[in-house]
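Report on one structure; see the data block that follows.
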Amino acid sequence: MGKNQWVVKRDNEWAVRGEGNSRDTSHHKTQSEAIDAAKNIAQNQKSELIIKGRDGKIREKNSYGNDDSPPKG
């Protein structure tokens, strides 16, 4: 499983950062663009996507990895 991907607010843009990385992976004009980029990375790495809102609080999490408890269906 790869690194979790975080979408975070920067001064006048949004960034994607891999968990534990010291530098951002990419910068985007809108949160939506950053989410799309982070989602692609998370899907490729089978990791989680964590999205922070403007207030810095986690607003959403999505898992694209091997969940411990997949839903029954």
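If you take the residues of the range 6-37 that are in contact (Cβ under 8 Å) with a residue 24 or more places away in the chain, part of a helix (DSSP H, G or I) and of a type in the set (A, V, I, L, M, F, W, C), which of them is most open to solvent (accessible area, probe 1.4 Å)?
Within the range 6-37, the match that is most open to solvent (accessible area, probe 1.4 Å) is Ile35.
Starting from residues that are at pLDDT 95 or above and out of contact with any strand residue (DSSP E or B) (no Cβ under 8 Å at 6 or more places or on another chain), keep the ones in the range 36-73 and report whichever is farthest from Arg17 (Cα to Cα).
Ranking the qualifying residues of the range 36-73, first place goes to Asp55.
The values are calculated or read from the model by the stated rules, or taken from the named source; none is laboratory data. Note that the coordinates shown come from a computational prediction; the quantities given were computed from them, not determined experimentally. Counting neighbours? That spans all protein chains shown, and the Cβs are built from the backbone with ideal geometry, glycine included. Surface areas here come from the heavy atoms of the whole protein model, side chains and all, with no ligands, DNA or RNA. Shrake-Rupley method; radii C 1.70, N 1.55, O 1.52, S 1.80 Å.
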